[in-house]
Amino acid sequence: MYHLRRLTIVAIILVVVVFITTFLPRFLNPVPPSKEKQKADQAWIDTSPYWLDRQACRWVSLCGLWHLKADPPAKPKNKDGNHRHDLRHVLRKEPVFTVVTENSGKKKQSRGIPDYVLNYAPLVHLYSQEFFWPSDIADHVEHMVPDLDEDSWRFNESKTLTLSNLNELSSELGFEHVTSKDDVESRPRWLHSKMNIPVAFGDEGDGNVGHNQDSFPDTRFIDDTTWLDVDREHPLQRISDPRKLPGGIRQQQPLVRQSRANRFREQQRRISQSARNAQNKPDESGYSRAPVTLVLVDKGSGIVDAFWFFFYAYNLGQTVLGTRYGNHVGDWEHCMIRFESGVPRAVFFSEHEGGQAYAWHAVEKRGNESEIQRPVIYSAVGSHAMYAAPGNHPYVLPFGMLKDVTDRGPLWDPAKNLRGYWYDYAVAENDEGLEPVKENADAPTDWFHYKGTWGDKLYGLDDSRQWRLFGQYHYVTGPQGPKFKNLDREKVCQKSSCRLIHSIAEGKKGSWHS
């Protein structure tokens with residue numbers, strides 16, 4: 001009987017091990033891998049120099065176990081107060097968003113940013129204890145080199161990566177990834193970008209419109225057009241003016257159209273801001289020295305999608321049972337606001353590989369009732385995933401084992417420093433279709449068409465920084481840029497399946513892939 005109990009215990013343990021090693025990776029990665037991915041995975045496993053490690057990786061999904069170590073967000077400083085690495089470049093910070101007047105003498109007449117796009121620009125609460133702050137993509141590429149053999153790429157001043165030649169050099173030399181000059185685990189200063197923390201608001205914590213998270217959808221806003229699913233091939237089917245309320249009562253026009261006096265004051269404010277930027281002494285609330293990327297896409301029929309792209313030099317993955325997963329160099333996040341005839345209809349929040357779409361009336365706003373109210377977004381610590389409310393946001397694993405965390409940290413106003421573009425996806429072939437807005441008519445465009453990743457490719461098992469447990473990597477490949485975020489989407493969501501959420505409470509019940 002004693003031996004029978006022992007055999008039973010051993011059998012149960014074997015069943016549990018088989019279940020974990022067989023089904024847990026499939027649960028965490030529900031999409032079956034293609035033959036190409038299976039072949040690539042075998043090649044990745046073969047990068048381990050140790051036979052035992054390769055077998056453990058193949059049979060029990062435990063790869064690089066002896067590489068496991070603590071991975072804190074920041075590294076301790078030396079006794080002299082300096083970091084352990086040598087900073088190779090002094091970061092340059094130049095103002096990006098400037099106002100171009102009619103007498104500026106520009107040769108090319110570019111389209112400007114519509115007033116309603118800036119009026120309803122999002123405000124982003126970064127996490128209060130964030131370690132990796134917004135970054136300027138122009139600075140980021142200065143710390144990158146093409147992922148090529150030394151014989152194929154010899155770093156010199158004539159071939160320094162810039163926003164003006166990134167795609168050109170990629171096409172010429174054939175690289176699909178860029179890699180960091182520094183070991184990112186040494187936590188170089190450019191990775192943290194602390195100099196880009198937004199200027200604090202004087203009324204921090206005030207000015208938010210009261211919002212009932214459990215409220216039902218606002219019945220004043222009805223879907224009287226097909227704005228949710230439209231592009232140039234599927235034009236808008238209009239039933240009535242979206243600015244009308246039931247009963248034929250028009251909404252108050254100040255929400256869309258400013259008076260001449262207000263437009264004059266706004267122009268003077270921007271000119272004043274431009275002068276301050278030129279002195280490199282920003283003092284306005286919410287200003288960050290890291291410009292965001294604004295991409296405007298005209299879908300026809302009065303539909304304009306305003307994509308706000310936020311870049312960070314590093315994505316710090318979350319921890320499960322003390323082990324960190326999902327780090328990568330370079331991190332693109334975005335939100336999208338869909339406008340119909342200048343009226344905001346919905347907001348999309350990018351979250352990991354997916355995101356959530358909220359009806360405009362459902363999201364939190366900042367601004368008094370008499371003012372234009374701007375949507376508020378919450379950026380998660382480390383991953384920078386975007387959510388509609390502060391708090392914990394579990395995903396993938398049950399019991400909240402894996403979660404993003406957001407709070408009311410520094411408030412970032414991306415409208416105060418940006419690179420703006422119009423993008424025509426219908427003529428996107430041959431690296432065309434992108435046009436800078438007239439406010440920054442000389443902004444570079446080559447970088448936008450770069451097809452590769454903005455960070456290091458997947459580290460192999462011969463790299464001491466890498467491990468993989470049950471299909472989850474410590475480091476993954478960096479992301480591609482804005483052009484590859486489905487800018488021509490018909491629906492508000494990044495993926496074809498799209499559910500419009502009508503309250504914060506409803507959104508909390510969902511998930512990032514909904």
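The values are calculated or read from the model by the stated rules, or taken from the named source; none is laboratory data. Since the model is a prediction, treat every value here as computed from it, not as a measurement. Every residue, glycine as well, gets a Cβ built from its backbone with ideal geometry; the counts of neighbours run over all protein chains shown. Accessible surface is based on the protein model in full, side chains and every heavy atom, while ligands, DNA and RNA are left aside. Shrake-Rupley method; radii C 1.70, N 1.55, O 1.52, S 1.80 Å.
General observations
- Whichever residue in the range 452-469 is among the charged types (D, E, K, R) and part of a loop (DSSP other than H, G, I, E, B) and, among such residues, is farthest from the chain's Cα centre (by Cα): Asp462
- Residue list for the range 313-335, restricted to those being among the aromatic types (Phe, Trp, Tyr) and closer than 15 Å to Trp133 by Cα: Tyr314, Trp332
- Condition check for Val96: within 21 Å of the chain's Cα centre (by Cα), surrounded by 11 or more Cβ atoms within 10 Å (Cβ to Cβ), assigned to a loop (DSSP other than H, G, I, E, B) and modelled with pLDDT under 50: yes
- For the range 375-398, a residue qualifies if it is aromatic (Phe, Trp, Tyr) and open to solvent by 30 Å² or more (accessible area, probe 1.4 Å), but none of them does.
- Any chance Trp467 is farther than 21 Å from Ala306 by Cα, open to solvent by less than 20 Å² (accessible area, probe 1.4 Å), at pLDDT 95 or above and hydrophobic (A, V, I, L, M, F, W, C): yes
- Tally, over the range 157-190, of residues that are in contact (Cβ under 8 Å) with a residue 24 or more places away in the chain, farther than 10 Å from Tyr450 by Cβ, of a type in the set (Asp, Glu) and in a helix (DSSP H, G or I): 1
- When the range 470-514 is filtered for residues that are within 23 Å of Leu397 (Cβ to Cβ), open to solvent by 10 Å² or more (accessible area, probe 1.4 Å) and in a strand (DSSP E or B), the ones remaining, listed by number, are Gln472, Tyr473.
- Within the range 187-214, the set of residues being open to solvent by less than 40 Å² (accessible area, probe 1.4 Å) and modelled with pLDDT under 90 comprises Phe201, Gly207, Val209.
- Residues satisfying the criterion are present in the range 437-444 (criterion: modelled with pLDDT of 90 or more, more than 27 Å from Arg324 (Cα to Cα) and among the β-branched types (Val, Ile, Thr)).
- The listed residue being closer than 29 Å to Ser180 by Cα, open to solvent by 30 Å² or more (accessible area, probe 1.4 Å) and among the hydroxyl-bearing types (Ser, Thr, Tyr), out of Thr406, Thr445: Thr445
- Considering residues of the range 486-514 that are of a type in the set (A, V, I, L, M, F, W, C) and either under 13 Å from Ala346 (Cβ atoms) or touching a helix residue (DSSP H, G or I) at 6+ places or on another chain (Cβ under 9 Å) (or both) only, the residue modelled with the lowest pLDDT: Cys498
- Total residues in the range 352-374 satisfying the condition of being buried (at least 24 other Cβ atoms within 10 Å of the Cβ), at negative phi and assigned to a strand (DSSP E or B): the figure is 1.
- Qualifying residue in the range 375-385 (condition: assigned to a strand (DSSP E or B), within 29 Å of Gly507 (Cβ to Cβ), in contact (Cβ under 8 Å) with a residue 60 or more places away in the chain and in contact with a Cys (Cβ under 7 Å, 6 or more places away or on another chain)): yes
- Scanning the range 404-433 for residues that are hydrophobic (A, V, I, L, M, F, W, C) and either at pLDDT 95 or above or more than 21 Å from Asp305 (Cα to Cα) (or both) yields Val405, Leu411, Trp412, Ala415, Leu418, Trp422.
- Residue in the range 11-22 that is surrounded by 14 or more Cβ atoms within 10 Å (Cβ to Cβ), at pLDDT below 70, hydroxyl-bearing (Ser, Thr, Tyr) and more than 30 Å from Arg189 (Cβ to Cβ) present: yes
- Selection from the range 308-335 of residues that are modelled with pLDDT under 95 and not in a strand (DSSP E or B): Gly317, Gln318, Leu321, Gly322, Tyr325, Gly326
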